[in-house]
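Okay, so here's the structure we're looking at.
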Protein chains: 2
Amino acid sequence: MPKPNAFYAQSGGVTAVINASACGVLETARAHKDDIGKVYAGRNGIIGALQEELIDTSKESKKDIAGLRSTPGGAFGSCRFKLKSPEDDAREYNRLIDVFSAHNIRYFFYNGGGDSQDTANKMAQVSRQRKYPLQCIGIPKTVDNDLPFTDCCPGFGSVAKYVATSTREAALDVASMCESSTKVFVLEVMGRHAGWIAAASALAQTREGDAPHIILLPEVPFEKQAFLRKVKETVTAKGYCVIVVSEGARYANGTFLGESGGGKDAFGHSQLGGVAPTIAAMVKDKFGYKFHWAVSDYLQRSARHIASATDVNQAYALGKAAVEFALAGKSAVMPIIVRTSDSPYKWKIGEAKLAKVANIEKFMPKSYISKDGFGITQRARKYLAPLIAGEDHPTYKDGLPVYVTLKNQLVAKKLPEKW
Amino acid sequence: MPKPNAFYAQSGGVTAVINASACGVLETARAHKDDIGKVYAGRNGIIGALQEELIDTSKESKKDIAGLRSTPGGAFGSCRFKLKSPEDDAREYNRLIDVFSAHNIRYFFYNGGGDSQDTANKMAQVSRQRKYPLQCIGIPKTVDNDLPFTDCCPGFGSVAKYVATSTREAALDVASMCESSTKVFVLEVMGRHAGWIAAASALAQTREGDAPHIILLPEVPFEKQAFLRKVKETVTAKGYCVIVVSEGARYANGTFLGESGGGKDAFGHSQLGGVAPTIAAMVKDKFGYKFHWAVSDYLQRSARHIASATDVNQAYALGKAAVEFALAGKSAVMPIIVRTSDSPYKWKIGEAKLAKVANIEKFMPKSYISKDGFGITQRARKYLAPLIAGEDHPTYKDGLPVYVTLKNQLVAKKLPEKW
């Protein structure tokens, strides 16, 4: 009887370390050749499974697999694609089981955020109902750090390190220029619903009054007057003001700050705003201060060159644990990070049931947000600080980080039907 | 007779390595204590000299001075302030000579771009006319890489490395997502007049067809149809398209692409565009592709964490050479980088007359720009490649780069008049 194969897919927005999880999965599976045959990766995530586009990872060299640990992006392709609920329409799930069955796939590893964990959970349910033996293990990933149960999410620590570093660096620039030029600098960061990334910029501070002076979180309704007052106070006291804003910052009525610039101009062309320019314009209109703004967008979540070693290690460990969970006979679970000590920082791998994880978002708790709403508390700092600790510099060649590109060879299709 | 003192000032937009030049000046001056008394730094550049706000750098520890080598921004403050021409109004120059005379300053080191070299040159002229013995040495600096004579400008190599690295990283992100999500990514970089920074993004390519697929330079008039055609071709062939655009990209009639978003909205609020969102909107309107855009702004020029070792070494060497020039009795000159070999890359310090340097901008030569205008040639690559070579990682503490903050103690004023 042939050994059972495994399926691994990356899902949703990729990160600087999702490939480190892939590396953990693949290296651990290779170390258990008696139990796991091949690991097939979905080309562009779960879409690859539906379309029977399965990447044969056994064709990749040991060196390239090891190189995944320090390569950002999703090496097999990811996707934004949510399966329909099996109660409404089970065709997608049925198709997946057909594909898995044709390729003797008995392990399903799904590396993603809340939606993906929901999918993995449903996959476990459907396969049980159809009596197809499939062990479904979720692997957490999200720069937004918004999954429940796990102490943190792989991908977040590296974005946090990027944002805190960039804030510290840009603040030095603004401080140099403020006497006769730029007085206000606005950095827009990711975080549509939860403000973890913006909050992490506060780690740039070493002393009271250091930049960032104002952090705008989605969790705190934006009050224009209070904000402008704080800008004025800061410029008066320090000569300049550094603002970090979540893309999800919003007014009390729920309107995103960035939406104001999102309409059409007189020619019917899209006016694509962004929160940073909106905030900058607000300050300019009120005080006339010279300003600059930056939107780091994909740069922040792909910045493997400034990844957090803690984050890389955890991403790898969660991939490894996922395979170990599968080999231990588990299903419908997700390995998580459990913090056992703040200082010195210690963590271990724990376990969460997918049924409980699915579709819950973890926001910044109130106790992490300063009274005025523009900063974070000591408690938040204690939580965040260890997540950016440690450097894991990639190898450089000709002045640039070396990142691997896999062969990504597809296996021959076995099913007669196309999807 | 007291030893002559020196004045050093940073001017214009700061960089990741202007403090490395400061470090070169200060360490070299300290090594020549018999010839140079104190080095006073202008607080916020030349404004500090006008206002007699002179920072006594002798109060700074050896360790902090050494730390300048790896600290971005301008440690003494910079300014955007151009002196009036002495022919029109000599009061500013006269005031400077009064301040220098009061503090026995006989060496003037001015660290900046084209305008600043012009100022340093005029300072030399005026002091000669007034028979005040002042040796004026310019130290080149500009991320835009637009000074003549010198092979490259300190600050540029590090921005180039940042932009090439970020482009490579973000491209991996987009490539992962393009099947079902983002297909077009636009990165806006600095370069109001010259496209050197945008051009350097091409170093991210290792093979034909790699990102960036389109580079928009100020030197090449923007043609919307040709651009859109190229976007379409690229998305069709590769599945995605990465575009790097200079902030100075413009139409044939000279209008900046970014200007379109720079007006006022119906409420009279500033609509602060940016080239990246303008370009993204153009693509969206034509093809409906899902897009993302980033504006790296100050992040790129302050990113000391990913500085080029070549750049850091050259910045330091130029600071050192400036002091050595002064001690050799020179004036109205600027040390420059002379390339003596491409491969292996070798350089030495040369010398340019300030009278010739002042106010000349060096653009990308035609031979560096590809035929279709959207990329660079092999010749450009040969020029650019060595400038990003080598890493010079700063020290990290608690997960973040350690940057120094100086004491910046002012010396007592000696002049009765305020400025």
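The values are calculated or read from the model by the stated rules, or taken from the named source; none is laboratory data. Values in this document were obtained by computation on a predicted structure and should not be read as measured data. Neighbour counts are summed over all protein chains in view; Cβ atoms, including those assigned to glycine, are modelled from backbone coordinates with ideal geometry.
Would it be correct to say that B:Tyr403 is more than 20 Å from B:Ile137 (Cα to Cα), within 14 Å of chain A (Cβ to nearest Cβ), aromatic (Phe, Trp, Tyr) and in contact (Cβ under 8 Å) with a residue 60 or more places away in the chain?
Details: more than 20 Å from B:Ile137 (Cα to Cα): yes; within 14 Å of chain A (Cβ to nearest Cβ): yes; aromatic (Phe, Trp, Tyr): yes; in contact (Cβ under 8 Å) with a residue 60 or more places away in the chain: yes.
Spelling it out, B:Tyr403 is indeed more than 20 Å from B:Ile137 (Cα to Cα), within 14 Å of chain A (Cβ to nearest Cβ), aromatic (Phe, Trp, Tyr) and in contact (Cβ under 8 Å) with a residue 60 or more places away in the chain.
Specify which of the listed residues (A:Ala389, A:Ala380) is under 22 Å from the mean Cα position of the chain (by Cα), within 26 Å of A:Ile243 (Cα to Cα), facing chain B (nearest Cβ under 10 Å) and surrounded by 14 or more Cβ atoms within 10 Å (Cβ to Cβ). Walk me through how you get there before you give the answer.
Working: A:Ala380 fails: facing chain B (nearest Cβ under 10 Å).
Exactly one residue qualifies, and that residue is A:Ala389.
For the range A:176-188, give me each residue that is within 11 Å of chain B (Cβ to nearest Cβ) and assigned to a strand (DSSP E or B).
So in the range A:176-188, the residues within 11 Å of chain B (Cβ to nearest Cβ) come out as A:176-182, A:185-188.
If the condition is that a residue be within 11 Å of chain B (Cβ to nearest Cβ) and assigned to a strand (DSSP E or B), then A:Phe185, A:Val186, A:Leu187, A:Glu188 are the ones that fit.
On the given criteria, is B:Ser127 hydroxyl-bearing (Ser, Thr, Tyr), surrounded by fewer than 24 Cβ atoms within 10 Å (Cβ to Cβ) and in a helix (DSSP H, G or I)?
Details: hydroxyl-bearing (Ser, Thr, Tyr): yes; surrounded by fewer than 24 Cβ atoms within 10 Å (Cβ to Cβ): yes; in a helix (DSSP H, G or I): yes.
Considered against the rule, which asks whether it is hydroxyl-bearing (Ser, Thr, Tyr), surrounded by fewer than 24 Cβ atoms within 10 Å (Cβ to Cβ) and in a helix (DSSP H, G or I), B:Ser127 comes out as yes.
Scanning for something among the small types (Gly, Ala, Ser) and more than 9 Å from chain A (Cβ to nearest Cβ), does the range B:168-175 turn up at least one residue? Break it down stepwise before answering.
From the range B:168-175, those among the small types (Gly, Ala, Ser) are B:170-171, B:175; that's our starting set.
From what is left, the residues that are more than 9 Å from chain A (Cβ to nearest Cβ) are none.
Checked against the condition, which is being among the small types (Gly, Ala, Ser) and more than 9 Å from chain A (Cβ to nearest Cβ), the range B:168-175 yields no hits at all.
Give the residues of the range A:189-210 that are within 12 Å of chain B (Cβ to nearest Cβ) and closer than 19 Å to A:Ala280 by Cβ, sorted by residue number.
A:Val189, A:Met190, A:Ser201
Residues being under 18 Å from B:Met334 (Cβ atoms) and among the small types (Gly, Ala, Ser): count how many of those fall in the range B:14-41.
5
Going through the range A:197-237 one residue at a time, which ones are of a type in the set (Val, Ile, Thr) and either under 16 Å from A:Val186 (Cβ atoms) or over 22 Å from the mean Cα position of the chain (by Cα) (or both)? Explain how you work it out, then say what you get.
First pass over the range A:197-237, keeping only residues of a type in the set (Val, Ile, Thr): A:197, A:206, A:214-215, A:220, A:231, A:234-236.
Within the range A:197-237, A:Ile197, A:Thr206, A:Ile214, A:Ile215, A:Val231, A:Thr234, A:Val235, A:Thr236 qualify.
If B:Pro2 satisfies all but one of (1) on the phi > 0 side of the Ramachandran plot; (2) modelled with pLDDT under 95, what's the number of the condition it fails?
Answer for B:Pro2: the failing condition is (1).
Check off (1) on the phi < 0 side of the Ramachandran plot; (2) modelled with pLDDT of 95 or more for A:Gln271 and give me the number that stays unchecked.
(2)
Would you pick out the residues in the range B:227-249 that are among the acidic types (Asp, Glu) and in a helix (DSSP H, G or I)?
Of the range B:227-249, the ones among the acidic types (Asp, Glu) are B:233, B:247.
Within the range B:227-249, just B:Glu233 meets the criteria.
Among the numbered conditions (1) under 31 Å from the mean Cα position of the chain (by Cα); (2) farther than 29 Å from A:Ile306 by Cα, tell me where A:Ser181 comes up short.
Looking at each condition in turn, A:Ser181 falls short on (1).
Surrounded by 16 or more Cβ atoms within 10 Å (Cβ to Cβ) and either closer than 29 Å to A:Leu299 by Cα or in contact with a Cys (Cβ under 8 Å, 6 or more places away or on another chain) (or both): which single residue out of A:Gly73, A:Gly37 fits that description?
Numbers: A:Gly37 fails: either closer than 29 Å to A:Leu299 by Cα or in contact with a Cys (Cβ under 8 Å, 6 or more places away or on another chain) (or both).
Only one candidate passes the filter, namely A:Gly73.
Has the range A:80-90 got at least one residue that is in a helix (DSSP H, G or I) and hydrophobic (A, V, I, L, M, F, W, C)?
Kept after step one, since they are in a helix (DSSP H, G or I), are these residues of the range A:80-90: none.
Checked the range A:80-90: no residue is in a helix (DSSP H, G or I) and hydrophobic (A, V, I, L, M, F, W, C).
Restricting attention to the range A:209-226, which residues are touching a residue at least 60 places away in the same chain (Cβ under 8 Å) and either not assigned by TED's automatic domain parsing to the domain that holds A:Val163 or not in a loop (DSSP other than H, G, I, E, B) (or both)?
Matches in the range A:209-226: A:Ile214, A:Ile215, A:Leu216, A:Ala226.
Buried (at least 24 other Cβ atoms within 10 Å of the Cβ) and either within 14 Å of chain A (Cβ to nearest Cβ) or not aromatic (Phe, Trp, Tyr) (or both): which single residue out of B:Gly155, B:Gly114 fits that description? Steps first, please.
Details: B:Gly114 fails: buried (at least 24 other Cβ atoms within 10 Å of the Cβ).
One residue alone meets the criteria, B:Gly155.
So B:Asp89 clears everything in (1) closer than 19 Å to B:Trp419 by Cα; (2) surrounded by 21 or more Cβ atoms within 10 Å (Cβ to Cβ) except one condition, right? Which one?
Answer for B:Asp89: the failing condition is (2).
From (1) within 21 Å of the chain's Cα centre (by Cα); (2) away from every other protein chain (no Cβ under 14 Å), pick out the condition that doesn't hold for A:Phe374.
(1)
Considering the range A:39-54 alone, what residues qualify as being aliphatic (A, V, I, L, M) and either facing another protein chain (nearest Cβ under 10 Å) or part of a helix (DSSP H, G or I) (or both)? Can you show your working first?
Keep residues of the range A:39-54 that are aliphatic (A, V, I, L, M), which gives A:39, A:41, A:46-47, A:49-50, A:54.
A:Ile46, A:Ile47, A:Ala49, A:Leu50 - these are the residues of the range A:39-54 that are aliphatic (A, V, I, L, M) and either facing another protein chain (nearest Cβ under 10 Å) or part of a helix (DSSP H, G or I) (or both).
Go through the range A:271-312 residue by residue and tally those that are touching a residue at least 24 places away in the same chain (Cβ under 8 Å) and more than 7 Å from chain B (Cβ to nearest Cβ).
Of the residues in the range A:271-312, 16 are touching a residue at least 24 places away in the same chain (Cβ under 8 Å) and more than 7 Å from chain B (Cβ to nearest Cβ).
Somewhere in the range A:22-33, is a residue under 18 Å from the mean Cα position of the chain (by Cα), facing chain B (nearest Cβ under 10 Å) and either farther than 19 Å from A:Lys141 by Cα or in a helix (DSSP H, G or I) (or both)?
No, the range A:22-33 contains no residue that is under 18 Å from the mean Cα position of the chain (by Cα), facing chain B (nearest Cβ under 10 Å) and either farther than 19 Å from A:Lys141 by Cα or in a helix (DSSP H, G or I) (or both).
Can you name the condition, by its number, that A:Ser58 falls short on among (1) more than 26 Å from the chain's Cα centre (by Cα); (2) within 20 Å of B:Ser180 (Cβ to Cβ)?
(2)
Name every residue in the range A:332-350 that is surrounded by 14 or more Cβ atoms within 10 Å (Cβ to Cβ) and either polar (S, T, N, Q) or at negative phi (or both), in order of residue number.
From the range A:332-350, those surrounded by 14 or more Cβ atoms within 10 Å (Cβ to Cβ) are A:332-339, A:345, A:347, A:349-350; that's our starting set.
Hits for the range A:332-350 are A:Val333, A:Met334, A:Pro335, A:Ile336, A:Ile337, A:Val338, A:Arg339, A:Tyr345, A:Trp347, A:Ile349, A:Gly350.
Look through A:Leu172, A:Leu147, A:Leu187 and report the one residue that is closer than 24 Å to A:Pro365 by Cα, in contact with a Pro (Cβ under 6 Å, 6 or more places away or on another chain), not assigned by TED's automatic domain parsing to the domain that holds A:Leu50 and not hydroxyl-bearing (Ser, Thr, Tyr). Quick ask: steps written out before the conclusion?
Details: A:Leu172 fails: closer than 24 Å to A:Pro365 by Cα; A:Leu187 fails: in contact with a Pro (Cβ under 6 Å, 6 or more places away or on another chain).
The conditions single out A:Leu147.
What is the residue count in the range A:354-382 for residues that are assigned to a helix (DSSP H, G or I), farther than 30 Å from A:Ala326 by Cα and touching a helix residue (DSSP H, G or I) at 6+ places or on another chain (Cβ under 6 Å)? Before the answer, list the steps.
Looking only at the range A:354-382, we keep the residues that are assigned to a helix (DSSP H, G or I), and these are A:354-357, A:366-368, A:378-382.
Among the residues that remain, those that are also farther than 30 Å from A:Ala326 by Cα are: A:366-368, A:378-382.
Now drop any that are not touching a helix residue (DSSP H, G or I) at 6+ places or on another chain (Cβ under 6 Å), which leaves A:367-368, A:379-380.
Total satisfying the criteria: 4.
Which of the following residues is of a type in the set (Asp, Glu) and surrounded by fewer than 24 Cβ atoms within 10 Å (Cβ to Cβ): A:Glu219, A:Glu169, A:Glu188? Explain how you work it out, then say what you get.
Details: A:Glu169 fails: surrounded by fewer than 24 Cβ atoms within 10 Å (Cβ to Cβ); A:Glu188 fails: surrounded by fewer than 24 Cβ atoms within 10 Å (Cβ to Cβ).
Matching residue, one of A:Glu219, A:Glu169, A:Glu188: A:Glu219.
Could you please find all residues in the range B:1-47 being among the aliphatic types (A, V, I, L, M) and within 14 Å of B:Ala322 (Cα to Cα)? Spell out the reasoning first.
If we filter the range B:1-47 for residues that are among the aliphatic types (A, V, I, L, M), which is where we start, we get B:1, B:6, B:9, B:14, B:16-18, B:20, B:22, B:25-26, B:29, B:31, B:36, B:39, B:41, B:46-47.
Selection gives B:Ala6, B:Ala9, B:Ile18, B:Ala20, B:Ala22, B:Val25, B:Leu26, B:Ala29, B:Ala31, B:Ile36, B:Val39.
Which pairs turn up if I take residues in the range A:74-93 that are more than 8 Å from chain B (Cβ to nearest Cβ) and look for partners that are assigned to a helix (DSSP H, G or I) and among the β-branched types (Val, Ile, Thr) with beta carbon separation below 8 Å, at least 6 apart in sequence or on another chain?
A:Lys82/A:Thr119; A:Leu83/A:Ile46; A:Leu83/A:Thr119; A:Pro86/A:Val126; A:Ala90/A:Val126; A:Tyr93/A:Val126
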